[in-house]
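The block underneath contains the structure these notes are about, expressed in structure tokens.
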Amino acid sequence: MLSRLFAPKVTVSAHCDLPCGVYDPAQARIEAESVKATQEKMQANDDPHFQARATTIKEERAELAKHHVSVLWSDYFKPPHFEKYPELHQLVNDALKALSAAKASTDPATGQKALDYIAQIDKIFWETKKA
């Protein structure tokens with residue numbers, strides 16, 4: 001009986017434990033910018049210790065960017081968004097694949113490709129916020 005009394009009346013979901021409702025592709029963009037900047041620095045510095053540190057940072061930032069894109073896809077975007085923007089599923093998939101490629105590469109072009117996809121997601125995101 002007590003469990004029913006204290007059971008939640010409404011079930012909610014969000015990108016964190018507190019349903020704050022705050023979403024912004026800027027989080028993914030900042031992490032992806034860090035990936036590209038690290039790749040550029042790696043091109044200019046052949047010190048093995050620097051390369052090792054930079055690789056770790058680049059890979060961490062790429063994973064964070066992937067996380068933020070995934071959260072938008074799974075928690076923010078809803079069926080009406082996917083109906084209005086049918087390319088959104090493919091765009092998110094392409095962004096995640098590009099971030100994986102950037103994670104594995106020292107070529108800043110891979111980081112830029114990820115940023116380009118995130119910019120497209122950002123554009124759609126802000127269009128959905130106007131509605």
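The values are calculated or read from the model by the stated rules, or taken from the named source; none is laboratory data. This one's a predicted model, so the numbers in the text were calculated from it and none came from an experiment. Here Cβ is always computed from backbone atoms with ideal geometry, including for glycine, and neighbour counts include all displayed protein chains. All accessible areas refer to the heavy atoms of the entire protein, side chains included, with ligands and DNA or RNA removed. Shrake-Rupley method; radii C 1.70, N 1.55, O 1.52, S 1.80 Å.
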Open item on the list: Per q in 0.16, 0.17, 0.20, 0.29 Å⁻¹, report the Debye log10 I(q)/I(0) for the stretch 18-72, using one uniform scatterer on each alpha carbon and no solvent.
Closed with: -0.52, -0.56, -0.69, -1.06
TODO: Quick one: which residues, 5+ away or cross-chain, put their amide H under 5 Å from the amide H of TYR23? H built at 1.01 Å from N.
DONE: none
Task: Electrostatic dipole magnitude of the chain [Cβ: Lys, Arg +1; Asp, Glu -1; Cα centre; debye, to 20] - done: 480
Open item on the list: With an 8 Å Cα cut-off and a minimum separation of 6 or more residues, compute the relative contact order for the chain in percent.
Closed with: 32
Open item on the list: Considering only protein heavy atoms and a probe of 1.4 Å, how much of the accessible area of the chain is carbon and sulfur, as a whole percent?
Closed with: 57
Open item on the list: Just the number please: accessible area per residue for the stretch 68-107, 1.4 Å probe, all protein chains included, in Å².
Closed with: 52
TODO: Any chance you could get the radius of gyration and Dmax over the Cα atoms of the chain, in Å?
DONE: 18.2, 67
